[in-house]
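What follows is one structure encoded as C-alpha cells, with my remarks underneath.
Readers should treat all values here as calculations from the given coordinates under stated rules, not as data from a laboratory. Note that the structure is a prediction, hence the values are computed from the model and not measured. No Cβ is skipped: glycine too gets one built from the backbone with ideal geometry, and neighbour counts run over all protein chains shown.
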C-alpha cells in the first residue's frame, strides 16, 4: 500500500516526503555530529526518528480518511538544525582558540632563560651565556666575553709575557708548551 501519489494528492505526498527528509536530516545530525552537546544530539535523533516513523506510517500504513497537516511541525526541525549548526560552530571556535593558546605558549622569539645543563631535556649550547658566579675578594677578574684568554701559568712560574715563544717543559718533551720562567 503506497500512499504516495503526486498526481492524485500532491499536498499529502509532499508532506510525507518533507517529514521523511526532515527526519533523516535530524537523525543524521544527531548521529554524526559528535561535537554538539549530548542532550541536543539525543533530541535530534529522537525527533528525527519520530518524523521518519510518522512519514512511514502515512506512506505505507495510513488507509485514507482525514488527516491534518501541521506546518508548525517543520519549525522544530529548522530550530534544531540551526541550534546544532550553531553548537558545531561554537565548538569549532573553542577548539581553534585552544589551539591558538597552545601555539602561543611556544614562542621561539621569547627571551630565553640562562642555559642550565642540569635542566631536563636541555640541549647542549656551547654559545649559551654562563650563570654569574660569586667572586671572592682578591680573586682575579675574568676577561670580558669574547676576549682572548692567555694560557694559565703553572704554580711558581712567571706571568705570561707577550712576544716570548712558549717553551716545552724540561722533564716532559711531550707536554704542552709552558711560559718561560724569568
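Annotations
- As a length-normalised measure over Cα pairs under 8 Å and 6 or more apart, the relative contact order of region 10-105 settles at 33 percent.
- Sequence ranges 53-60, 6-13, 21-28, ranked by mean other-Cβ count within 10 angstrom, highest first: 21-28, 53-60, 6-13
- In region 10-105, the C-alpha radius of gyration followed by the widest Cα-Cα span (Dmax) gives 17.7, 68 angstrom.
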